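Here is the structure we will look at.
Each value in this text was obtained by applying a stated rule to the coordinates, not by laboratory testing. All figures in this text were calculated on a predicted structure; none of them were measured in a lab. Cβ atoms come from the backbone with ideal geometry, glycine included; neighbour counts cover every protein chain shown.
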Amino acid sequence: MPTDLPSPKTTILYSHRPKPFAAELELELTAFELIATRGRSVQRFPLTAIEKVTLVFSPRNTAHHAFACTVRATDGKSVKFDSLSWKSLIETEKQNGDYTRFVSTLCERVEAASPKAVLHAGVVPFKHTGMLVMGIAMIVGLAASSIYAFRTQSAVIGGVALFMLAYLAWWMRDYLTRNRPRAFKASAIPPSVLPATSP
């Protein structure tokens, strides 16, 4: 067992409700393992057996800027959690500070316990490339539709197309920039895949 594991310290807890009315996911991070409990299901992830931790920017819609973390072990087991918790069908709670503290500590302990583990920010390369190509195609299509509408004196349709073009371009730029695939060290987690927290 590695000798540079963190010394035993107070367990860190994090919990959230991933969907409206779903069972709450409770996470317990000790110096040596991550325990994920949802209802009667309990999964244990020894830190020495974790092979990858992935952090992504995962927006739900324009109102919900969420961030997600996926932990995968060498035996194929995985658990995913994010920075939003659903309180009802329409109400959510941002847990930015607690999420960031938990994820930061998790990355530190995994890096110390399993030197071969990969800490990865952003989506996988093929998804990033695919979304880029799809986004460009949609923007070109909206631009062509807007030009055609204005030329045929359909100002309202042209204006709507322009608005959609601008919004899509902004959204794609934000998503793809934040989720650019790259590895990182626990001491330098990219801010783009962590929620903003109050000082």
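Quick notes on this structure:
- What the phi angles of segment 90-97 give under the Karplus curve with 6.51, -1.76 and 1.60, with θ = phi - 60°, is a coupling list of 10, 10, 10, 10, 7, 10, 4, x Hz, glycine and proline written as x.
- In terms of the mean number of neighbouring beta-carbon atoms within 10 Å, the peptides 140-147, 38-45 order highest first as 140-147, 38-45.
- When you restrict to C-alpha pairs under 8 Å that are six or more residues apart and normalise by the size of the chain, the relative contact order lands at 21 percent.
- At R0 = 41 Å, FRET efficiency that the Cβ-Cβ distance of residue 37 and residue 129 yields, to 0.05: 0.65
- For Rg/Rh (Cα atoms, Kirkwood Rh), the value computed from the atomic coordinates appears in the list (i) 0.94; (ii) 1.00; (iii) 1.09 under label (iii).
- Applying 1/(1 + (r/R0)^6) with R0 = 30 Å to the Cβ-Cβ distance of residue 170 and residue 144 gives a FRET efficiency near 0.95.
- Stretch gain in nm, segment residue 177-residue 105, where the contour uses 0.36 nm per residue and the Cα spacing is subtracted: 23.5 nm
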